[in-house]
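Mind looking over this structure? Questions follow.
The values are calculated or read from the model by the stated rules, or taken from the named source; none is laboratory data. It should be emphasised that the depicted structure is a prediction, and the values quoted were computed from it without experimental measurement. Cβ placement follows ideal geometry from the backbone for every residue including glycine, while neighbour counts extend to all protein chains displayed. Ligands, DNA and RNA are excluded from the accessible area calculation, which covers all protein heavy atoms including side chains. Shrake-Rupley method; radii C 1.70, N 1.55, O 1.52, S 1.80 Å.
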Amino acid sequence: MRFNWFGEKGNPATGLKFMNSFTDFKPETQDKAAILLLKRRKAYDYIKEGKIKTALKTTTIYNEWASLPGNNFKQHKYSIDQVVKFYIESGGY
C-alpha cells in the first residue's frame, strides 16, 4: 500500500498525518514524512551511505514519488542520472 498524507481511499488511519501525529505540513514535517517513506521502502540506509543509484534500482521508492524512474504513474520521470545530479546539487554526497 502506498502512503499519502491524508490516507489511502479516504481512510485517515492509513495516512502519514494521522499515523505520526503530524499537526502541520511545514518543510520540516515533510522531511520527517519523507524519511519515514524512505525507511518503509528500505531505501534510507542506502541514501545515507550515498548509494542513490542502489536505492533507486533495488527498492520500490518509485512507488512513493512519481518523478522517480521505474514507476507506472503517467507523469514525467527523471532518469537515475538526473536524480543523482539533483541529489548532489542539493548537498548530498
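Could you please tell me which pairs satisfy a Cβ distance under 8 Å, a separation of 6+ or placement on different chains, a first residue in the range 63-91 that is in contact (Cβ under 8 Å) with a residue 60 or more places away in the chain, and a second residue that is exposed (fewer than 14 other Cβ atoms within 10 Å of the Cβ)?
From the range 63-91, the pairs are Asn63/Arg2; Glu64/Arg2.
Which of the residues that make up the range 2-38 are in contact with a Gly (Cβ under 6 Å, 6 or more places away or on another chain) and hydroxyl-bearing (Ser, Thr, Tyr)?
Thr14
For (1) open to solvent by 40 Å² or more (accessible area, probe 1.4 Å); (2) under 22 Å from Trp5 (Cα atoms); (3) of a type in the set (A, V, I, L, M, F, W, C); (4) modelled with pLDDT under 90, each residue gets a yes or a no:
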{"position": "Lys39", "(1), (2), (3), (4)": "yes, yes, no, no"}
{"position": "Lys42", "(1), (2), (3), (4)": "yes, yes, no, no"}
{"position": "Asp45", "(1), (2), (3), (4)": "yes, no, no, no"}
{"position": "Ile52", "(1), (2), (3), (4)": "no, no, yes, no"}
{"position": "Thr60", "(1), (2), (3), (4)": "yes, yes, no, no"}
{"position": "Ala66", "(1), (2), (3), (4)": "no, yes, yes, yes"}
{"position": "Lys77", "(1), (2), (3), (4)": "yes, yes, no, no"}
{"position": "Val83", "(1), (2), (3), (4)": "no, no, yes, no"}
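How many residues does the range 34-73 hold that are within 26 Å of Lys17 (Cβ to Cβ) and assigned to a loop (DSSP other than H, G, I, E, B)?
Total satisfying the criteria: 13.
Would you be able to say whether some residue in the range 15-30 is surrounded by 13 or more Cβ atoms within 10 Å (Cβ to Cβ), out of contact with any Leu (no Cβ under 7 Å at 6 or more places or on another chain), part of a loop (DSSP other than H, G, I, E, B) and not basic (Lys, Arg)?
Among the residues of the range 15-30, at least one is surrounded by 13 or more Cβ atoms within 10 Å (Cβ to Cβ), out of contact with any Leu (no Cβ under 7 Å at 6 or more places or on another chain), part of a loop (DSSP other than H, G, I, E, B) and not basic (Lys, Arg), which makes the answer yes.
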